[in-house]
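Single-structure report; data block below.
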Amino acid sequence: MTILDLPIELLNQLIVTYLNGLDLHRLAKTCSALKYILTDDAIWHRLAAERKGYDVRPETMTWKQVFYTEARCEHLFDINRSVLQDRILAYLEAMKSPKTLKCTNSNCEIGLPDLWLCLSKGCTSIGCGRTKQKHAFEHYTYGRPHCLTIKINTLEIWCYICKEWIGSLDAHPLERAKASHILSCIKSASSHPTHPLPLLTTDISLNDRRQKERKMYIFGKKDPLCFVAEGWLDEWKEFLIGNAGPPGEIDNGGLVDGRGKFRGNARPNLDYGFMAEGAYDQLVEAYGGGPKLSETELTEEHHGFLIQMIKTWRTPFASEDDPN
Ligand SMILES: [Zn+2]
Ligand SMILES: [Zn+2]
Ligand SMILES: [Zn+2]
């Protein structure tokens, strides 16, 4: 009797239990019967689920491809079915009275929207965000490895170890599939008639837009800078983090002098912030407003200090560019 005389279920079980990815690859090359078995994606489904905890498959991938994928956030796959169930119950319990929902730190009264539910099994922590008293972050630093947390009002997932929003538009399809599976489980559980969650609907609908705009907030090494009223930037940042809806038009009116030029006495970080021109142009397209205040229009006479400051800020970028 050879291994191939075993019943197929037992053979599958042996493969799933004992062989690693490389062994499978080698075996399939040397044995046509095993090669045949391994053409069945069901065996790869079991391998992906049992070995790696990959229990979802994006439509664009086979289970074999899923098995050989290395997810960016491995922590996400610690949330298996039973952890998810446990978290959904905690979530629904917490959301029964969203008006009184607040940070579980005993000295904190902060409520929605900046509240984060820890996704680790059996944990009941709900912490306020970093724009408030940072109790969610504190919980992570004391409670490792409780690294995954979900923003209650937008249902977006953050990993403290990966330092990333998880499952966003540009993430790996496997990560997106897993995150949207978690999301849809929570949504379908929370749409139950006895647990209506009215706060969630509008915030979730803006998640794609948030994710796109988060990626925009970058500085090119050489792009000219544009200046934007700090008040507007603050509102925009609140939108990006999911604490508020999108801001209105960009209003740089307070930054210009009588000549319609950038005021020389406007204060960086208090009256205005800056960003790459490309990002500014995209924001104007999305929000409207202005006027555009670009670095290219600065003059030594009116903006000597700012010109010097930008030069200093650019120095590390320049040395990255020119190592010699
Ligand atoms: Zn992670
Ligand atoms: Zn926790
Ligand atoms: Zn708090």
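Tabulated results
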read-out: Elements of type strands (runs of 3 or more DSSP E) in region 77-189, at least 1 residues being away from ligand 2 (no atom under 12 Å from the Cβ), closer than 21 Å to D55 by Cα and touching a Cys at 6+ places or on another chain (Cβ under 8 Å); value: 157-159, 164-166
read-out: Restricting region 217-266 to residues that are aliphatic (A, V, I, L, M) and assigned to a loop (DSSP other than H, G, I, E, B), the residue that is nearest to I157 (Cα to Cα); value: A244
read-out: Members of region 49-63 that are part of a helix (DSSP H, G or I) and either in the same structural domain as C185 (by TED's automatic domain parsing) or modelled with pLDDT under 90 (or both); value: A49, E50, R51, K52
read-out: Region 132-145 residues that are in the same structural domain as T104 (by TED's automatic domain parsing), paired with ones that are part of a helix (DSSP H, G or I) and more than 9 Å from ligand 3 (Cβ to nearest atom) (beta carbon under 8 Å, 6 or more apart); value: P145/H75
read-out: Test set (1) of a type outside the set (A, V, I, L, M); (2) away from ligand 3 (no atom under 16 Å from the Cβ); (3) at pLDDT 90 or above; (4) not in a helix (DSSP H, G or I) - R72 fails condition number; value: (3)
read-out: Enumeration of residues in region 105-114 that are in contact with a Gly (Cβ under 7 Å, 6 or more places away or on another chain) and free of Cβ contacts under 8 Å to residues at least 60 places away in the same chain; value: N105
read-out: Residues of region 69-83 classified as crowded, with 16+ Cβ neighbours inside 10 Å and more than 16 Å from ligand 1 (Cβ to nearest atom), total; value: 0
read-out: Residue match in region 123-144 (condition: within 13 Å of ligand 3 (Cβ to nearest atom) and of a type in the set (D, E)); value: yes
read-out: Listing of helices (runs of 4 or more DSSP H) fully contained in region 1-40 that carry 2 or more residues being over 18 Å from K52 (Cβ atoms) and either outside the structural domain of K64 (by TED's automatic domain parsing) or at pLDDT 70 or above (or both); value: 21-30, 32-37
read-out: Only listed residue being in contact with a Lys or Arg (Cβ under 9 Å, 6 or more places away or on another chain), farther than 19 Å from Y91 by Cα, modelled with pLDDT of 90 or more and aromatic (F, W, Y), chosen from Y217, Y160; value: Y160
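Conditions (1) more than 23 Å from G242 (Cα to Cα); (2) among the hydroxyl-bearing types (S, T, Y); (3) buried (at least 17 other Cβ atoms within 10 Å of the Cβ), marked per residue:
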site	(1), (2), (3)
C108	no, no, no
S120	no, yes, yes
I157	no, no, yes
A171	no, no, yes
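The values are calculated or read from the model by the stated rules, or taken from the named source; none is laboratory data. These figures come from a predicted structure and were not determined experimentally. Note that each Cβ is placed from the backbone with ideal geometry, even for glycine, and that neighbours are counted across all protein chains shown.
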